[in-house]
Amino acid sequence: MFKWLHPYANPEVSYNFCGKLQPWLFRISTIFLVIGLVWALLFAPADYQQGDSFRIFYIHVPAAILAMGIYFAMASAALASLVWQFKLADASAAAMAPIGAVFTAIALITGAAWGKPMWGTWWIWDARLTSELILLFLYLGVIALHNAFEDKNLAGKAAGILSLVGVINLPIIHYSVEWWNTLHQGATVSKLGAPSMSAVMYWPFLICLLGFSFLIAALVCLRFRTEVLARNSMRPWVRELAINSLRSEQQISCNSQQCHSNNPNQGTK
Amino acid sequence: MQFHSFAEFINMGGYAFYVWLSYGVSAALIVYLLLSSISHNKTVLQQIAMRQKREQKLRQAAEINMKKQGLTEPEINDEIITAAVQQSTKDNT
């Protein structure tokens, strides 16, 4: 059943596959983000209560949803690596952690900047905000553990266990607005069935969400490839790749400097 | 179009500071993540390449050393050189 997946357990195959995917993901995300954000800033109507501060929504909500999505993906990869010892799953988990941390930070900061004019405070220790802050700390802990050990397998195990324990935070974040009294509003877009939002606001949101998703996929590809290289640095294909990239870089710097050093005839005028 | 002039667009209905703070910080964080990811990739590749160059130098040095010690060609093979290089990298660290 999973036979088509099997070749991708080879680091070189995965590396090349992500290398092919990466530029397309960046292109698609740029297109979606430009359309989505221009729509959000210029063409979407202002909220009848919140006015134009509502435009923060188009970054805040996709960032918050995707921060949780990345965490789930990272924890799934950690599970695969702990249970089945997939080394590449470890590399992908290590690649996802910093990206998730950045998007969690974006969700928190945009949330604060939205809370100040709407609630009258930048920060309040209520359930949704606190659990989102814990998500950020979980990401930081996972990143720290990945970097804490020289032995990447050991680091992956420690970070993997932390990310699996941290999964408990995801339902807490999602249901925090129902379980506790909170300033944060309830779910609007992630409700099953019809979202409680008009289509003129919903469409630009969806496009922004897609744009950020593709951006994250592209960033994961980039960081995953770096992780694969670092973890396979003794393999012949990685060594060859590194030497070739060094050579092409030297050639570029050589061309821009007219290559004085390599041309002895030029200096003897 | 929701705004009638550029000034009105910048003003964001009085919420300019909060809206542009959100968009600005988000853009800055994402650009930082992107640039640091790219530079990290380059650093890793460079480190791997540099280590190979260092290894190559050590191999040459080991070969010359062996010739000085009076070993003849057939005795100096890849295995001996590799062992010598590994020994010298161990001593360095």
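Worth a mention:
- Shown is the FRET efficiency for B:Ser5 and B:Val31, computed with R0 = 22 Å from the Cβ-Cβ distance and rounded to the nearest 0.05: 0.15.
- Highest to lowest packing among A:75-81, A:163-169, A:216-222, B:36-42, scored as the average C-beta count within 10 Å: A:216-222, A:75-81, A:163-169, B:36-42
- Each of A:Thr30, A:Asn169, A:Ala67 was scored by the projection of its Cα onto the charge dipole of chain A, and the greatest displacement toward the positive side belongs to A:Thr30; charges sit on the C-beta of Lys, Arg, Asp and Glu.
- Largest GNM mean-square fluctuation across A:Lys87, A:Lys152, A:Lys116, computed for chain A with C-alpha springs under 10 Å, falls on A:Lys116.
- A crude spin-label estimate for the pair A:Trp122 and B:Lys67, with each label 7 Å from Cα along the Cβ direction, gives 6.8 nm.
- Prolate/oblate/rounded label for the stretch A:37-86 (Cα gyration tensor, a/c 1.5): prolate
- Only the Cβ atoms of Lys and Arg (+1) and of Asp and Glu (-1) were treated as charged; on that basis the dipole of the stretch B:1-68 about its Cα centre amounts to roughly 980 debye.
- Cβ-Cβ FRET estimate between B:Asn77 and A:Glu240, R0 fixed at 30 Å, reported to 0.05: 0.80
- Highest-MSF residue in chain A out of A:Met197, A:Met68, A:Met118 [GNM, Cα springs under 10 Å]: A:Met197
- Peptide A:98-104 shows a mean partner chain C-beta count of 3 within 10 Å per residue C-beta.
- The mean sequence separation of alpha-carbon pairs under 8 Å and at least six residues apart, normalised by the residue count of chain A, gives a relative contact order of 29 percent.
- Ordered by 1.4 Å accessible area with all protein chains kept, A:Asp90, A:Asp47 run largest first as A:Asp47, A:Asp90.
- In plain terms, the C-alpha convex hull of the protein assembly as shown casts an average shadow of 28.1 nm² when viewed from every direction.
- In the protein assembly as shown, helices alone account for a calculated mean residue ellipticity at 222 nm of -26000 deg cm²/dmol, with every DSSP H run of four or more residues adding -39,500 (n - 2.57).
- Net charge, A:Met118 excluded, C-beta distance under 15 Å - Lys, Arg +1, Asp, Glu -1: 0
- Shielding by partners - mean other protein chain Cβ count within 10 Å, residues of A:234-245: 3
- Here the stretch B:10-88 and the stretch A:74-96 have alpha carbon centers that stand 24 Å from each other.
- Taking the inverse of the mean 1/r over every pair of distinct Cα atoms in the stretch B:7-92 gives a Kirkwood hydrodynamic radius of 17.8 Å.
- Cβ-derived FRET efficiency at R0 35 Å, B:Arg51 paired with A:Phe17, nearest 0.05: 0.85
- Neighbouring partner chain Cβ atoms per residue of A:211-221, average, 10 Å criterion: 1
- Note on the stretch A:113-179 and the stretch A:195-241: Cα centroid distance 20 Å, given to the nearest whole angstrom.
The values are calculated or read from the model by the stated rules, or taken from the named source; none is laboratory data. This one's a predicted model, so the numbers in the text were calculated from it and none came from an experiment. No Cβ is skipped: glycine too gets one built from the backbone with ideal geometry, and neighbour counts run over all protein chains shown. The protein model used for the area step is the full one, side chains on, heavy atoms only, and it has no ligands, DNA or RNA in it. Shrake-Rupley method; radii C 1.70, N 1.55, O 1.52, S 1.80 Å.
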